[in-house]
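Everything below concerns the one structure shown next.
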Amino acid sequence: MTASLLTLNSSVFSKTELLLIGHKKQLAKIHNSSLNTTPHPFCNIGFIFDEHLTFSGQISSLSKSCYYYIPQHRCIRPYLDSKTASTIATCVVHSKLDYCNSLYYNRLQQIQNSLARAVMKHLNSCHTTSILRSLHWRKVTERIQYKLMSLTCKALTTTQASSLHELITVQPPRSTCSSSLVTLARPPTSSSL
């Protein structure tokens, strides 16, 4: 750069934020005095990332947001029929639960159970499987599986998701009883770190 008479402004490094992601051992290998590596979460596309990808900040923020709306829903629930209550709950809370849910689904089931109890006017100690079934809501893990299968089907059958289609490899069919099934090959995984 100096041969081209270009220099970096020293204020660029003070304004640029850098997030180093990895295991504790991997992060300990990085020794660069010019980098300010004070760990703090950052928000990108509405999602909170941290250095170890635990998503604890995102889960905490989402839980606070959802648990704020559930008591509000309980307050207006006596004035709503069950279809309207279910629609409002789906619009307000389920939309939050569905965004990036495959990354942190463990805590989301608790929120969905609490929401289902509020919609159906049940006590907090009530079992939720039958409530979810009566509302025609899938459990969080089932919602994630459905979303992934829908994305995969769309990538295989249309040209809209061409970048995803390039990542999917279909295994050649075997001569078995289930040969009409489409089987996907597992992509090779490797890590350079």
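The values are calculated or read from the model by the stated rules, or taken from the named source; none is laboratory data. Owing to the predicted nature of the structure, the values given are computational and were not obtained by experimental measurement. Heads up, the Cβs are rebuilt from the backbone with ideal geometry, glycines too, and the neighbour counts pull from every protein chain shown.
Quick grid of which residues meet (1) of a type in the set (A, V, I, L, M, F, W, C); (2) under 30 Å from Lys25 (Cα atoms); (3) at pLDDT 70 or above:
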{"residue": "Leu156", "(1), (2), (3)": "yes, no, yes"}
{"residue": "His165", "(1), (2), (3)": "no, no, yes"}
{"residue": "Thr169", "(1), (2), (3)": "no, no, yes"}
{"residue": "Arg174", "(1), (2), (3)": "no, no, yes"}
{"residue": "Cys177", "(1), (2), (3)": "yes, no, no"}
{"residue": "Pro188", "(1), (2), (3)": "no, yes, yes"}
{"residue": "Ser191", "(1), (2), (3)": "no, yes, no"}
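Condition first: closer than 20 Å to Ile144 by Cβ and modelled with pLDDT under 90. Can you find one or more residues in region 74-89 that meet it?
No, region 74-89 has no match at all.
Please verify whether Ile131 is at pLDDT 90 or above, more than 25 Å from Ser150 (Cβ to Cβ) and among the β-branched types (Val, Ile, Thr), treating the condition exactly as stated.
It is false that Ile131 is at pLDDT 90 or above, more than 25 Å from Ser150 (Cβ to Cβ) and among the β-branched types (Val, Ile, Thr).
When you scan region 75-105, how many residues do you find that are farther than 23 Å from Glu142 by Cβ and surrounded by 15 or more Cβ atoms within 10 Å (Cβ to Cβ)?
The qualifying residues number 2.
Can you go through Leu115, Leu108 and tell me which one is modelled with pLDDT of 90 or more and crowded, with 19+ Cβ neighbours inside 10 Å?
Residue meeting the stated conditions: Leu115.
Take the conditions acidic (Asp, Glu), surrounded by 13 or more Cβ atoms within 10 Å (Cβ to Cβ) and under 21 Å from Glu142 (Cβ atoms) and apply them to Asp50. Does it pass?
no
Residues Thr129, Thr159: which one is among the β-branched types (Val, Ile, Thr), free of Cβ contacts under 8 Å to residues at least 12 places away in the same chain and assigned by TED's automatic domain parsing to the domain that holds Leu80?
Thr129
When you scan region 83-163 for helices (runs of 4 or more DSSP H) that lie fully inside it, which ones turn up with 2 or more residues that are among the charged types (D, E, K, R)?
Passing ranges, in order: 95-98, 105-120, 140-157.
What is the residue count in region 41-75 for residues that are in a helix (DSSP H, G or I) and not hydroxyl-bearing (Ser, Thr, Tyr)?
The qualifying residues number 12.
Just need a number here: residues in region 118-139 that are within 23 Å of Tyr99 (Cα to Cα), exposed (fewer than 14 other Cβ atoms within 10 Å of the Cβ) and hydroxyl-bearing (Ser, Thr, Tyr).
Going through region 118-139 one residue at a time, the tally reaches 1.
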